[in-house]
Amino acid sequence: MANSPPLEPELLKSKFLGCMLGLAVGDALGAPFEGAWFPAPDQVKAVAAKSHLLRYTDDAHMAIGLAESLIACKDLNGWHLAEVFTKNFEQEPWRGYGPGPPRIFKKIRAGMSWDKAALDIYPGGSYGNGAAMRVAPVGLFYFKDFKKLVAAARDQSIITHAHLLGQEGAVLLALTVALVTGGSPAPASRDIIGQLRQYALEEVYLQKLKCMEALLETKDAGEIASQLGNGIEAFNSVPAAICCALRHPGSFEDAVLEAVSLGGDADTIACMAGAIAGARLGSEAIPGQWLKKLENKAYFEELAVKLLEAVI
Ligand code: RVK
Ligand code: MG
Ligand code: MG
């Protein structure tokens, strides 16, 4: 992004807000459909319309922790972030965390090092999507410096998701957020896929990024789930989320509804798609009827503004 002209401050603010609010809205819209079988977009809209509160889950809760730590440390600090994740979990353990992280937080609380605890749970570490679902604030914070972004996306993964497949999902998601944040206009979807292919190291991601180009045009959203996956593993959800966001570069609503409609790990896929779509289109693109019902909306806005202040 070094050669791009600087963005207008108001536009950048809207993009930071759009990303933080977008990930929370996506998570909350998808949460009632976690594990569902291809819910129709109209059904997703109807459930949201009937809800008094759009409540987010572990995905956005952990993105809050990441933003809090980046703001406090002005960088990615593994010790500090592990403490923030642990404290936030202890305060709100009911947010629907995946199986691994609560066990890791217990080990960290008992004194285990931030970069060792995760290896005690799954052999080689977890390749669940928990590191990618929360990583969007890294994409915002380091949107001007991809070398630092990649290192930070990996370091924040290592706390809970040390497996290279878990780390790479986080890297690809953070890069996509950075690419759509830094460009005005944001690069075309095919160019973004091309850039991601240059950073991908693992075969499963390279192969899915290749499939994604053809899926940009498909009329059958079910093809996305069947070719890219819709599961809890990072490699079965990060490519699908990126694909939904890139297929709808002009509509936050279409990107997020399509992400939920894949079913499976719907809150997480919609959280990641919402982060990308919100960063690309800005907060004005998020439907007001969803935003006004979002739980803790003001806190997501506060974090977005503080993240921006830390990078300009
Ligand atoms: C409940 C074998 C492995 C593995 C490995 C599988 C929330 C396991 C959010 C594990 C997200 C699952 C989700 C999830 C995030 C991972 N060998 N199997 N090396 N690594 N798995 O426990 O934070 O919804 O089946 O790290 O990634 O909304 O249970 O959790 O949907 O992936 O949880 O990995 O979960 P974990 P997470
Ligand atoms: Mg969740
Ligand atoms: Mg989930």
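The values are calculated or read from the model by the stated rules, or taken from the named source; none is laboratory data. Note that this is a predicted model, so its numbers are computed, not measured. Note that each Cβ is placed from the backbone with ideal geometry, even for glycine, and that neighbours are counted across all protein chains shown.
Restrict the check to the range 248-270 and report whether at least one residue is touching a Leu at 6+ places or on another chain (Cβ under 6 Å), surrounded by fewer than 24 Cβ atoms within 10 Å (Cβ to Cβ) and not aliphatic (A, V, I, L, M). No, there is no match, as no residue in the range 248-270 is touching a Leu at 6+ places or on another chain (Cβ under 6 Å), surrounded by fewer than 24 Cβ atoms within 10 Å (Cβ to Cβ) and not aliphatic (A, V, I, L, M).
Here ALA152 clears all of (1) surrounded by 15 or more Cβ atoms within 10 Å (Cβ to Cβ); (2) of a type in the set (Gly, Ala, Ser); (3) within 15 Å of ligand 1 (Cβ to nearest atom) except the condition numbered (3). Residue-level check: of (1) in contact (Cβ under 8 Å) with a residue 40 or more places away in the chain; (2) under 20 Å from the mean Cα position of the chain (by Cα); (3) farther than 25 Å from ALA28 by Cα, ARG154 misses just (1).
Scan the range 69-88 and give yes if some residue there is touching a Phe, Trp or Tyr at 6+ places or on another chain (Cβ under 7 Å), within 15 Å of ligand 3 (Cβ to nearest atom) and modelled with pLDDT of 95 or more, otherwise no. No; the residues of the range 69-88 include none that is touching a Phe, Trp or Tyr at 6+ places or on another chain (Cβ under 7 Å), within 15 Å of ligand 3 (Cβ to nearest atom) and modelled with pLDDT of 95 or more. Looking at the range 44-56 only, could you name the residues that are more than 30 Å from GLY183 (Cα to Cα) and either under 12 Å from the mean Cα position of the chain (by Cα) or within 14 Å of ligand 3 (Cβ to nearest atom) (or both)? ARG55, the sole residue that qualifies. Each residue in the range 107-132 was checked for being within 6 Å of ligand 1 (Cβ to nearest atom) and touching a residue at least 60 places away in the same chain (Cβ under 8 Å), and 4 pass. Take the conditions (1) in contact (Cβ under 8 Å) with a residue 60 or more places away in the chain; (2) in contact with an Asp or Glu (Cβ under 7 Å, 6 or more places away or on another chain); TYR97 misses just one of them, which is (1).
Within the range 236-245, the set of residues being surrounded by fewer than 24 Cβ atoms within 10 Å (Cβ to Cβ) and not in a helix (DSSP H, G or I) is empty. The residues of the range 26-43 that are within 15 Å of ligand 3 (Cβ to nearest atom) and either in a helix (DSSP H, G or I) or at negative phi (or both), listed by number, are GLY26, ASP27, ALA28, LEU29, GLY30, ALA31, PRO32, PHE33, GLU34, ALA36, PRO39. Has the range 76-89 got any residue that is under 30 Å from GLN195 (Cβ atoms) and in a loop (DSSP other than H, G, I, E, B)? Checked against the condition, which is being under 30 Å from GLN195 (Cβ atoms) and in a loop (DSSP other than H, G, I, E, B), the range 76-89 yields at least one hit.
Only residues that are under 17 Å from VAL238 (Cβ atoms), in a helix (DSSP H, G or I), of a type in the set (A, V, I, L, M) and over 13 Å from the mean Cα position of the chain (by Cα) were counted across the range 256-293, and they come to 1. Between ILE312, ILE286, the distinction of being closer than 26 Å to ILE71 by Cβ, away from ligand 2 (no atom under 16 Å from the Cβ) and at pLDDT below 95 belongs to ILE312 only. Within the range 44-64, which residues are more than 13 Å from ligand 2 (Cβ to nearest atom), of a type outside the set (Gly, Ala, Ser) and not in a helix (DSSP H, G or I)? The answer is HIS52, LEU53, LEU54.
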